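Step one of this worksheet: look at the structure below.
The values are calculated or read from the model by the stated rules, or taken from the named source; none is laboratory data. No experiment lies behind these values; they were computed from the predicted model shown. Using ideal geometry, Cβ is built from the backbone for each residue, glycine included, and neighbour counts are taken over all protein chains shown.
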Amino acid sequence: MDRIRLGRWGEDWALQHLLKLGWSLICRNYRTPRGEIDLILRESNWIVFVEVRTRSSERFGRGEETIDYRKRRRLMATAGHFLGAYEGPPANPRFDLISILRDDKGGYSLHHIRGMFTP
């Protein structure tokens with residue numbers, strides 16, 4: 001599976017996981033000139049910006065190890081752009097990470113980190 005299809009596959013699984021928790025999807029693949037946020041959902045009084053990292057091996061590190069300072073800055077700038085235009089009910093922002101490791105047989109493990117970092 002190529003990198004783009006693997007990423008899309010991981011986002012699909014992450015979204016299913018979050019919808020099963022009762023969260024509501026606001027937007028998928030929100031893009032600005034400064035960056036992209038994979039999933040934006042509402043959980044109670046939170047607007048949750050979710051970064052999804054999908055890997056087919058841990059050879060180059062786990063998904064959560066790939067969120068560096070620059071990526072955090074891009075996520076915060078993109079979230080700020082979204083919140084500036086958001087017309088829904090007031091909510092607190094939060095950044096979560098879902099790291100997915102897919103195995104050779106099509107199975108996977110999913111690790112959800114709530115509050116991955118604080119703006």
query = Can you tell me which residues in the range 22-73 are more than 11 Å from the chain's Cα centre (by Cα), surrounded by 15 or more Cβ atoms within 10 Å (Cβ to Cβ), charged (D, E, K, R) and modelled with pLDDT of 85 or more?
reply = Arg42, Glu43, Arg72
inquiry  = Can you tell me how many residues within the range 92-118 are under 17 Å from Phe49 (Cβ atoms) and out of contact with any Leu (no Cβ under 9 Å at 6 or more places or on another chain)?
reply    = 5
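Every residue, every condition in (1) part of a loop (DSSP other than H, G, I, E, B); (2) more than 13 Å from the chain's Cα centre (by Cα); (3) surrounded by 10 or more Cβ atoms within 10 Å (Cβ to Cβ), yes or no:
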position: Met76; (1), (2), (3): no, no, yes
position: His81; (1), (2), (3): no, yes, yes
position: Ile98; (1), (2), (3): no, no, yes
position: Leu101; (1), (2), (3): no, yes, yes
position: Asp104; (1), (2), (3): yes, yes, no
position: Gly115; (1), (2), (3): no, no, yes
